[in-house]
Amino acid sequence: MTSSSSLSASSSFPQSSTSSAVVAARKSIRLGQALTVLALVALAAHYVRAIQYTPIEATQGLAQKIFYVHVPAAWSAFLAFGILGVCSALFLWLHDRRLDLFAEASAEVGTVLTLIVLTTGPLWGKPIWGTWWQWEVRLTSTLFLFFLMVGYLTLRRSIFDPLERARYSAVVGILGAMLVPFIHLSVYMFRTIHPKPVILNPEGPTLPGSMLSTLLEGVAIMTVMYLGLVLVRYGIGRLQDEKEARHAAQG
Amino acid sequence: MLLRAEPPANGGFMVAAYALVAVVLVVYAVTLFVRARSLVGEVKE
């Protein structure tokens, strides 16, 4: 992105080179930092609750408690990609630069969260399934989504014209978001070793209350974590945009 | 899910997963905070 500074201002993309954009970016960063710190502290407390105050599952043992970070990370990653899809679609309609920047921020945070999902999953799978990885549909499609998002972020750094970059990225972003419901429903559509959803399933939550409340706490914390990180990343994107516009204006 | 007195001893996997999540999130957050601080200094109102 930084290498395209001179090209960005020469494109047809409308730039908002105003001090109000800087103020908005700083506000976004400050709020995001506060939420992120809050979420990190809450995550530490969540660990204590999950380890000390949540029952140990009979057949899986302590490894089952990976569930309390794996599922919330998956939820927040899917939330991130859902928001990426919505922002991308709205960008193609409204051509608002802020939507493109928020889509980029959401994609990056979602990719980090997917990395967590893809590493905590095998750490759970090894003691329970006896193998780190299975090439079954849920795991494979999540890995595919991760690669697609790495491609999205690479694409953004490969196109110098901001308007072209935003348009192509929006299309890839929408395609990535379309994978999310498929990944969620894949355990119903195919025979798979992966457990079925324990909350978002047709019969309602299938967990004991103490486990369910710990899981929901994790989901809430990872949602706040996503919001915090995405706001900071969005603020960075807006400041970077402003910096490039000023650099170009100076010649 | 059933509860029993002596579940399998596999706590190491849980510790590894919890540590990994914390490290990834803290490293990413600190990276973003440093980038944000640098840009805030560069781009004045």
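Only the coordinates and a few stated rules stand behind these numbers; no lab work does. Model, not experiment: these values are computed from the prediction. FYI the Cβ positions are ideal-geometry reconstructions off the backbone, even for glycines, and counts take in every protein chain you see.
Per DSSP helix of 4 or more residues, -39500 (n - 2.57); summed, then divided by the residues of the protein assembly as shown. What does that give at 222 nm, rounded to the nearest 500? Before the final figure, lay out each step's value.
Values: 8 runs with 224 residues, N = 296.
That comes out to -27000 deg cm²/dmol.
Can you give me the distance in nm between label points at A:His184 and A:Phe147, each placed 7 Å from the Cα along the Cα-to-Cβ direction?
Distance between label points: 2.5 nm.
Taking square-rooted eigenvalues a ≥ b ≥ c of the alpha carbon gyration tensor, is chain B rounded, prolate or oblate, where a/c under 1.5 means rounded and, failing that, a/b exceeding b/c means prolate? Present the calculation step by step, with values, prior to reporting the outcome.
Values: a/c = 9.83, a/b = 4.46, b/c = 2.21.
Prolate shape, in that a/c is at least 1.5 and a/b is the bigger ratio.
Suppose each label sits 7 Å from its Cα in the direction of the beta carbon; what would the A:Lys126-A:Ser20 distance come out to in nanometres?
Output for this residue pair reads 5.4 nm.
Simple spin-label model, 7 Å along Cα-to-Cβ: A:Val171 to A:Glu203 in nm?
4.4 nm
If you take the alpha carbon radius of gyration of the stretch A:191-251 and divide it by 2.2 N^0.38 Å, what ratio comes out, to two decimals?
Working: Rg = 21.1 Å, N = 61, 2.2 N^0.38 = 10.5 Å.
Rounded to two decimals, the normalised Rg is 2.01.
Let's test the formula: R0 of 45 Å, r as the Cβ-Cβ distance of A:Leu94 and A:Ile193. What FRET efficiency results, to the nearest 0.05? Before the final figure, lay out the partial values.
On the way: r = 43 Å, r/R0 = 0.95.
Result of the calculation: an efficiency of 0.55.
How long is the stretch A:88-182 along each principal axis, judged by its Cα atoms, biggest number first, in Å?
Rounded to whole Å, the extents work out to 49, 23, 17 Å.
How long are the three semi-axes of the equivalent ellipsoid for the protein assembly as shown, computed from the Cα gyration tensor as the root of 5 times each eigenvalue, in whole Å, largest first?
Numbers: eigenvalues 300, 86, 43 Å².
Largest first, the protein assembly as shown gives 39, 21, 15 Å.
Excluding B:Arg37 itself, calculate the net charge of residues whose Cβ lies under 12 Å from the Cβ of B:Arg37, where each Lys or Arg counts +1 and each Asp or Glu counts -1. Walk me through the intermediate numbers first.
Values: positive: A:Arg26, A:Arg30, B:Arg35; negative: B:Glu42.
Neighbour charge sum, excluding B:Arg37 itself: +2.
Below 23 Å, Cα to Cα, which lysines can A:Lys243 reach? Residues fewer than 8 away in the same chain don't count.
Result set, ordered by chain and number: A:Lys27, B:Lys44.
Just check the stretch A:131-246 against the gyration tensor rule for me: Cα atoms, a ≥ b ≥ c as the square roots of the eigenvalues, rounded for a/c under 1.5, and otherwise prolate or oblate depending on whether a/b exceeds b/c. Present the calculation step by step, with values, prior to reporting the outcome.
On the way: a/c = 3.03, a/b = 1.66, b/c = 1.83.
Cα axes put the stretch A:131-246 in the oblate bin.
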